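Visitor: Just dropping this structure here.
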Amino acid sequence: MADDRILELYRREADSGEYSRIRALWKAHSIAEDDRDIPGLMATLTDDCLYEIPQTGDAWHGKEGAERFYRDLLSAFPDVHFDLQNIVIGPQGVFEEAHVTGTHARQWLNYEPSGRKTEFYVLIYFPWDSEAARFSGERISFWGFKPAAKG
């Protein structure tokens with residue numbers, strides 16, 4: 001049996017006004033990311049947001065953590081580009097799949113830089129906090145990333 005938190009998410013009713021707010025905020029988040037606008041990104045998040053990559057065990061807490069996540073990502077891949085492949089928007093938040101390209105210029109997570117163009121895919125869930133009308137972070141999974149060969 002699902003726990004109460006999952007049941008609450010499952011039972012959320014779709015509301016056209018809230019759908020429009022979620023969609024507009026996701027667009028603002030995406031534009032801010034494309035523009036490397038950290039304050040713009042932070043404006044889309046709750047103060048207690050959580051960024052996490054469960055497959056690596058990495059997590060960043062609060063807006064300070066989210067800023068660190070973005071600064072690390074954008075410095076590791078200064079020319080990063082997200083090519084949206086799929087998106088689902090609902091009262092629980094946004095789920096997207098993207099093809100990512102960029103030059104691996106600096107360390108990212110535990111991966112040493114290769115200095116080469118790279119590509120990989122991400123699945124990202126942006127949980128929606130309906131009371132704050134903001135995203136409460138991102139839950140990220142990636143695959144196809146080929147880090148630099150160990151010397």
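The values are calculated or read from the model by the stated rules, or taken from the named source; none is laboratory data. Note that the structure is a prediction, hence the values are computed from the model and not measured. Note that we place each Cβ from the backbone using ideal geometry, even for glycine, and neighbour counts take in every protein chain shown. To get the accessible areas, we keep the full protein, side chains included, count just its heavy atoms, and leave off ligands, DNA and RNA. Shrake-Rupley method; radii C 1.70, N 1.55, O 1.52, S 1.80 Å.
Visitor: Within the range 37-62, can you find the residues that are open to solvent by 70 Å² or more (accessible area, probe 1.4 Å) and either in a helix (DSSP H, G or I) or out of contact with any His (no Cβ under 9 Å at 6 or more places or on another chain) (or both)? So that I can check it myself, show each step before the final result.
Guide: The first filter runs over the range 37-62 and keeps only residues open to solvent by 70 Å² or more (accessible area, probe 1.4 Å), leaving 39, 47-48, 55, 61.
Listed by number, the residues that qualify are Pro39, Asp47, Gln55, His61.
Visitor: Please determine whether any residue of the range 138-147 is touching a His at 6+ places or on another chain (Cβ under 6 Å) and either within 25 Å of Ala14 (Cβ to Cβ) or surrounded by 16 or more Cβ atoms within 10 Å (Cβ to Cβ) (or both).
Guide: Let us first name the residues in the range 138-147 that are touching a His at 6+ places or on another chain (Cβ under 6 Å), namely none.
Taking every residue of the range 138-147 in turn, none turns out to be touching a His at 6+ places or on another chain (Cβ under 6 Å) and either within 25 Å of Ala14 (Cβ to Cβ) or surrounded by 16 or more Cβ atoms within 10 Å (Cβ to Cβ) (or both).
Visitor: Out of everything in the range 98-130 that is modelled with pLDDT of 95 or more and more than 20 Å from His81 (Cα to Cα), what residue ends up being surrounded by the most Cβ atoms within 10 Å (Cβ to Cβ)?
Guide: Trp128
Visitor: To continue, here is another question. Gly65 is checked against (1) assigned to a strand (DSSP E or B); (2) surrounded by 15 or more Cβ atoms within 10 Å (Cβ to Cβ) and fails just one. What number does that condition carry?
Guide: Result: Gly65 passes all but (1).
Visitor: If you don't mind, another one. Is it the case, given these coordinates, that Ala76 is open to solvent by 40 Å² or more (accessible area, probe 1.4 Å) and either out of contact with any Pro (no Cβ under 9 Å at 6 or more places or on another chain) or without any contact (Cβ under 8 Å) to a residue 60 or more places away in the chain (or both)? Talk me through it step by step, then tell me what you get.
Guide: On the way: open to solvent by 40 Å² or more (accessible area, probe 1.4 Å): no; either out of contact with any Pro (no Cβ under 9 Å at 6 or more places or on another chain) or without any contact (Cβ under 8 Å) to a residue 60 or more places away in the chain (or both): yes.
So Ala76 does not fit the description; no.
Visitor: Check off (1) closer than 22 Å to Arg5 by Cα; (2) touching a residue at least 12 places away in the same chain (Cβ under 8 Å) for Lys117 and give me the number that stays unchecked.
Guide: The failed condition is (1).
Visitor: Being on the phi < 0 side of the Ramachandran plot and in contact with a Pro (Cβ under 9 Å, 6 or more places away or on another chain) narrows it down to one of Ala43, Ala2, Ala32, so name that one.
Guide: After applying the criteria, what remains is Ala32.
Visitor: Tell me, which residue of the range 82-96 that is within 13 Å of the chain's Cα centre (by Cα) and loosely packed, with under 15 Cβ neighbours inside 10 Å is nearest to Glu18 (Cα to Cα)?
Guide: Ile87
Visitor: So which residues in the range 2-36 are open to solvent by less than 60 Å² (accessible area, probe 1.4 Å) and either in contact (Cβ under 8 Å) with a residue 12 or more places away in the chain or assigned to a loop (DSSP other than H, G, I, E, B) (or both), if there are any at all?
Guide: Ala2, Leu9, Arg12, Glu18, Ile22, Leu25, Trp26, Ala28, His29, Ser30, Ala32, Glu33
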